[in-house]
Structure formats: C-alpha cells, structure tokens
Amino acid sequence: MLIHIGYDLSFDLPTPTAMVLNLYVHPDRAGDLVEPERLIVEPEIPVRDFIDPFGNRAASIFAPAGILRLRSESFVRDNGLTDAQDPKAQQHPIQDLPPEAMQFLMGSRYCEVEWLGSIAWELFGSAPPGWGRAKEVCNWIQTNVKFGYRFARPTKTAWETYNERTGVCRDLTHLAVTFCRCLNIPARYATGYLGDIGVPASPDPMDFSAFFEVYLDHRWWPMDARHNIPRLGRVLMARGRDATDVALTTTFGPNRLIKFAVVTEEVAER
C-alpha cells in the first residue's frame, strides 16, 4: 500500500523565535519513504536536524518575525496490515523489565501516576494481567470518556480527563498511558499519521493522531484508546513519555497558529 502524507502549517510570530519541531516520520519508518523526507521552511532559514533522547528525528530553527510556513509532502510504503496484536502477550515482572522500559512506568507531565494508582487497580485489578488488562483500559476509556475537539485544551492532564470524562485523542491517550503505568505495564505516548483507510471517512478535518505503546512479551505493541480497533496505515512520527516529548512544534516565544492542514490517504501506486 502507498500512503500520501504531509502537512502545511503557518504561524504568525511577533518577534524572532526559536522552535523545536517533531514533524518528521520516525527513523523506524524512514526506510519506507519513497524518497527522503524534506521539511520546507518559508522564509528559507537554516534547519538543524538531530535525534532526541527518545530516538525521534527532530529539528530546531530560529525563525524571524512575521509569517512562518512549515510544509512537507511524502509517500510511504506500508505493508497493508492492521496494528499488531497478541491477546496472549504476557506482562513482565518489574524486576525483569529491560532498563529502557523502566522510565515508562513513572509519572510524567501529563500522566499523574500517583493520583490515579488506586483508581486503576479498582477498575482493572480483576482483569487478566498483560494484554487483557491493557485492553480493558482501552475499553473503559472508549465507553466512559467522550471524544470531541471542543473539549481540547493544551494543559489537560490524565487526572483532569478522568474527572471530566471528555477529551481529544491526546487526552484519551494520556489517560490510557497513566492507567497502564499504574498497573505496572510500561506505556509510552506516540503520535503519527492515521488516515481513514479501511474505515468510514470522518467528516472532521484530517489531523495527526495520538496513540500509545505497551511493553509486553519482550516487545512494544501499539494500542489506540480513541478508536480501540486495529487500524491500517498508521505511520509513526515520534514517541515519548507524554505529549511534552512529542509536541509537533515547541515555540519559545509568542506565536499564533494561522493554518493547520494535514493529509494522509491511500493512493494508487505510481
């Protein structure tokens, strides 16, 4: 399967401003790109690429005052399979986890493990450990938390999502990550492209999509608290502890987003 991906973002910057960008396809998927990915910045300014502590390809820029445009267009080859699943995947005792997974048991900026621990065990303690317990977390969130873009705000945390029972995919993912960590399942936040491939088209404008990954049976498995079904054509961009680590743009100064357009769609082979 061939997937067309890209974005077109514009900001109004009142003063020269430094920015960090997490807009590239993840290095794990870079080999699937038909051609190397290119970030186009207008006006043309230097772009410094780097690999961040979580293995994501990122960029930093220093933008002049005025209108800044960021855009890219690529084609990705995909195996056409839905998200990998294994209902028999077992949970590791904490003492047997690899060191790199341990940090994904801890609380983070948007994932208040210390506030949701007892609630997680009350809700999910009777579910079978491992895959079954992580799946029950997704089932509960889909049933009990209402999705809607009108519920979004940039500071919303897992604790607030649990109490308000509303959110966007970012919020649902933070809550799922937090519940899993409370249940001693390493969980990390992820973001990327997810088009309406193999499902009815959504009337909402296309957006990037947040999901999460759990560590079971010696590997990471993708899970999706918003859709809660295996999906086709997921293209990973970045992973981290929560949305802080994988923010599409981090701007170190005043700014106003004036354009946000995303494309991800299956296309015929050329």
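The values are calculated or read from the model by the stated rules, or taken from the named source; none is laboratory data. Keep in mind the model is a prediction, meaning the values are calculated, not measured. Every residue, glycine as well, gets a Cβ built from its backbone with ideal geometry; the counts of neighbours run over all protein chains shown. Keep in mind that these areas ignore ligands, DNA and RNA; they rest on the heavy atoms of the full protein, side chains included. Shrake-Rupley method; radii C 1.70, N 1.55, O 1.52, S 1.80 Å.
From the square roots a ≥ b ≥ c of the eigenvalues of the alpha-carbon gyration tensor of segment 117-191, which class results: rounded (a/c under 1.5), prolate (a/b over b/c), or oblate? Write down the numbers at each step before the final one.
Working: a/c = 1.95, a/b = 1.73, b/c = 1.12.
It comes out prolate by the Cα gyration axes.
What lysines does K88 reach when the alpha-carbon gap must be under 17 Å and sequence neighbours fewer than 8 apart in one chain are set aside?
K135
Relative contact order of the chain: what whole-number percent is it, with Cα pairs under 8 angstrom and at least 6 residues apart?
Working: 590 pairs, mean separation 82.7, N = 270.
This gives 31 percent for the chain.
Which residues does a label at L39 reach in segment 241-270, if reach means a backbone N under 11 Å from a point 7 Å past the Cα toward the Cβ?
Label zone hits: 248-250.
Could you work out what % of the accessible surface of segment 120-252 is carbon and sulfur, using a 1.4 angstrom probe and leaving DNA, RNA and ligands out of the count? Could the numbers behind the result be given before it?
On the way: 2640 of 4980 Å².
In segment 120-252, the share of accessible area belonging to carbon and sulfur is 53 percent.
Compute the long axis of helix 131-144 from its Cα atoms, compare it with the longest principal axis of the Cα atoms of the chain, and write down the angle in degrees, 0 to 90, nearest 10.
Taking Cα atoms only, the helix is inclined about 70 degrees.
Over the chain, with a Gaussian network built from C-alpha contacts below 10 Å, which listed residue (T191, T157, T15) shows the highest mean-square fluctuation?
Looking only at T191, T157, T15, the biggest GNM fluctuation is shown by T15.
Determine the calculated [θ] at 222 nm for the chain from helices alone, applying -39500 (n - 2.57) to every DSSP H run no shorter than 4 residues and normalising by the residue count; nearest 500 deg cm²/dmol. If you can, show how the numbers build up before the last one.
Details: 7 runs with 59 residues, N = 270.
So the calculated ellipticity at 222 nm is -6000 deg cm²/dmol.
Under 11 Å from a point 7 Å along the Cα-to-Cβ line of R48: which residues of segment 232-262 have their amide N that close?
Flagged as within label range: none.
Could you work out how much longer the chain between T82 and K259 gets when fully extended? Use 0.36 nm per residue separation minus the Cα distance between them, nm to one decimal.
Working: separation 177, 0.36 × 177 = 63.72 nm, distance 3.13 nm.
Between T82 and K259, full extension yields an extra 60.6 nm.
Per-residue counts of other Cβ atoms within 10 Å, averaged by peptide: what ranking do you get for 145-156, 164-175, 224-235, 73-84, highest first? Please list the in-between numbers first.
Values: 145-156: 12.2, 164-175: 22.9, 224-235: 20.2, 73-84: 14.6.
Listed from highest to lowest mean packing, they are 164-175, 224-235, 73-84, 145-156.
With both bridge residues required to lie in the chain, what share of the DSSP beta bridges run antiparallel, to the nearest 5%?
95
Using alpha carbons only, how many angstrom separate the centre of segment 77-133 from the centre of segment 1-17?
Taking the Cα centre of each part, segment 77-133 and segment 1-17 sit 32 Å apart.
In whole Hz, what ³J(HN,Hα) sequence does segment 21-29 give by Karplus (6.51, -1.76, 1.60; θ = phi - 60°), x for Gly and Pro?
My calculation for segment 21-29 gives 10, 10, 10, 8, 5, 4, x, 5, 10 Hz in order.
Over its Cα atoms, what ratio of radius of gyration to 2.2 N^0.38 Å does segment 1-158 give? Display every interim value, and only then the final one.
Working: Rg = 20.4 Å, N = 158, 2.2 N^0.38 = 15.1 Å.
Cα-based Rg divided by the globular estimate yields 1.36.
Enter the Cα centre distance for the pair segment 214-270 and segment 54-72, rounded to the nearest angstrom.
What the calculation gives is 17 Å, centre to centre.
How large is log10 of I(q)/I(0) for segment 129-270 at q = 0.12 Å⁻¹ when the intensity is taken from the Debye formula with one equal scatterer per alpha-carbon?
Those come out to -0.50, one per q.
On average, how much area does the Cα convex hull of segment 67-128 cover when viewed from any direction, in nm²?
Working: hull surface 37.0 nm².
For segment 67-128, the mean projected area of the Cα convex hull comes to 9.2 nm².
Need the full-extension length gain, A65 to D28, defined as separation in residues times 0.36 nm minus the C-alpha distance. One decimal, nm. List each step's numbers first, then the result.
Working: separation 37, 0.36 × 37 = 13.32 nm, distance 3.45 nm.
Between A65 and D28, full extension yields an extra 9.9 nm.
What is the set of long-range amide H partners of V263 at a cut-off below 5 Å, with H atoms built 1.01 Å from backbone N?
The list, which skips near neighbours in sequence, is G6, Y7.
Near K156, which lysines are there with a Cα under 22 Å away, not counting those fewer than 8 places off in the same chain?
K146
Give me the distance in nm between label points sitting 7 Å out from Cα along the Cα-to-Cβ direction at E164 and M102, one decimal.
3.5
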